[in-house]
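Inspection log for the structure reproduced underneath, given as structure tokens.
The values are calculated or read from the model by the stated rules, or taken from the named source; none is laboratory data. Here the structure is a predicted model, which is why all the values come from computation and not from measurement. Methodologically, a virtual Cβ is constructed for each residue, glycine included, from the backbone with ideal geometry; neighbour enumeration extends over all protein chains shown. Heads up: the accessible areas ignore ligands, DNA and RNA and are worked out on the full protein's heavy atoms, side chains in. Shrake-Rupley method; radii C 1.70, N 1.55, O 1.52, S 1.80 Å.
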Amino acid sequence: MKKKILIILLVIIVIALIGIGYFVFTDMQQENMLKTELSELDQLVNAENIDMDAINNRLDRIVTNGDYAIVEDAFKTYLKEDFENSIQIANILNDEKLTTLLTVENYKEDGKNFINSKEYITNTRTALETCKNKYTEFLTEEKAMSYINNKGLDSYYTDLYKDEFIGDMSSATEDTTVQDSIDDVIDILNIYEKVLNLLSENQDNWEIEGENIVFSSESLSNQYDELINSL
């Protein structure tokens, strides 16, 4: 009888060990899948020639399951929103209209009140300031962790998210290249606005002759030149 009990206990222990081993193996497999997926995504984001379709395909899919899927979804959502904001910044900074506001062609088309040009400056400046604030916020650990906190996860998974995928963000916050570029463009927009205000407030004192703007007042001409030279 005792022998039968021992055999039964042994069988139970073996089954338990097999079950534990299976779950450990599955867990490790899921973690490796997650690390591989996010590593490959990082390579796509930092590639010299960015493939937006490939990046979006990665961001829109979940390859793991269970708690690892929650970690994967949190990190990809963080990356996606950060990436979208960076793309918006790039689109604004590369907008060709920025280079046409103080051209003779624009003076002819939108002068002499420059309603459309002034509205464009206001909207672009506001968009840039919003994007800059978001960009800076995305570089903070608090923002990054907000995508994983309150998900009901064991600390192992939040630590994995923080240590493996977020890492130390202090060096990122020290690099202000993007923010400085945005500030430079905002400064330029402010000067554009001053030029257009000068022209709209003195509508009777300037005309377009050929490809040049001509002023009837030397003082006004000097003010215009001073603003243009400050760009």
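General observations
- Condition met for Tyr224 (free of Cβ contacts under 8 Å to residues at least 24 places away in the same chain, surrounded by 13 or more Cβ atoms within 10 Å (Cβ to Cβ) and over 17 Å from the mean Cα position of the chain (by Cα)): no
- Hits in region 150-203 (condition: open to solvent by 70 Å² or more (accessible area, probe 1.4 Å), in contact (Cβ under 8 Å) with a residue 12 or more places away in the chain and among the acidic types (Asp, Glu)): Asp154, Glu164
- Count - residues of region 101-119 that are without any contact (Cβ under 8 Å) to a residue 24 or more places away in the chain and not in a helix (DSSP H, G or I): 1
- Extreme residue, farthest from the chain's Cα centre (by Cα), among residues of region 162-180 that are modelled with pLDDT of 80 or more and more than 22 Å from Asp73 (Cβ to Cβ): Asp168
- Residue that is least open to solvent (accessible area, probe 1.4 Å), among those in region 125-141 that are within 11 Å of the chain's Cα centre (by Cα) and either among the basic types (Lys, Arg) or closer than 19 Å to Leu189 by Cβ (or both): Cys131
- Region 182-221, residues that are over 24 Å from the mean Cα position of the chain (by Cα), under 14 Å from Leu102 (Cα atoms), assigned to a helix (DSSP H, G or I) and aliphatic (A, V, I, L, M): Ile191, Val195, Leu196, Leu198, Leu199
- For region 56-77, filtering for residues that are more than 19 Å from Ile166 (Cβ to Cβ) and either buried (at least 17 other Cβ atoms within 10 Å of the Cβ) or over 25 Å from the mean Cα position of the chain (by Cα) (or both) leaves 2.
- Tabulated pairs, region 52-65, first under 12 Å from Leu34 (Cβ atoms), second of a type in the set (A, V, I, L, M) and open to solvent by 50 Å² or more (accessible area, probe 1.4 Å), C-beta under 8 angstrom, 6+ apart or interchain: Val63/Met33; Thr64/Met33
- Looking only at region 47-100, residues that are of a type outside the set (A, V, I, L, M), out of contact with any Leu (no Cβ under 7 Å at 6 or more places or on another chain), closer than 29 Å to Asn150 by Cβ and assigned to a loop (DSSP other than H, G, I, E, B) come to 3 in all.
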